[in-house]
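The values are calculated or read from the model by the stated rules, or taken from the named source; none is laboratory data. On a predicted model such as this, the values are computed, not experimentally measured, just so you know. We place every Cβ from the backbone using ideal geometry, glycine too, and count neighbours over all the protein chains shown. For accessibility, only protein heavy atoms count, side chains too; no ligands or nucleic acids. Shrake-Rupley method; radii C 1.70, N 1.55, O 1.52, S 1.80 Å.
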Amino acid sequence: MSLNRDPNSASSTDSDAPATLPRTLLLVDDEKLLREIIAKVLRREGYLVLEAATSDAAIDAASRSDRKPALLISDMALPGASGGLQLFAELRKLNPELKALFISGHSLEEVSQDTPLPKGTAFMEKPFENDAFVNAVREILR
């Protein structure tokens, strides 16, 4: 995992304290089976997961939800005109505090040759172990 933190962002000192409501995550991947498995793992950890297969569906889900997603988990390559980075930029217009964990079957070097990952985002290469993935989600949400 590669984590790009914004050194000026506030960090909770009591990040393991239980929240009153579960954190909302927006999961975007066009591979239905993978999306379902990831969502199941995250729900077992107590997160509320909104799922989408495309950028348009993700923007729609985030717009309709009464709870702003705290984290976007998105494949770097999505069907349609925009990929994960473009989706993140669009969703940040709705929620400037949004963080992102990008996932891809390609290495970070392959997917970010022209554009480095934005601050406040992380990257994991598929396939990944459930524990490592959950730990990455926790880390970026701190």
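Sorting the segments 98-105, 51-58, 120-127 by their residues' average number of neighbouring beta-carbon atoms within 10 angstrom, most packed first, yields 98-105, 51-58, 120-127. Distance from the alpha carbon centroid of region 65-92 to that of region 119-138 works out to 16 angstrom. First check a/c for region 19-142, with a ≥ b ≥ c the square roots of the eigenvalues of its C-alpha gyration tensor; if it is under 1.5, answer rounded, and if not, answer prolate when a/b is larger than b/c or oblate otherwise. It is rounded, given that a/c, with a ≥ b ≥ c, falls under 1.5. What percentage of the solvent-accessible surface of region 91-142, computed with a 1.4 Å probe over protein heavy atoms, is contributed by carbon and sulfur atoms? Roughly 46 percent, rounded to a whole number. Cross-link list Lys32/Lys119; Lys68/Lys126; Lys93/Lys126; Lys40/Lys119; Lys32/Lys126: which exceed 22 angstrom alpha carbon to alpha carbon? Listed pairs above 22 Å: Lys32/Lys119; Lys68/Lys126; Lys93/Lys126; Lys40/Lys119.
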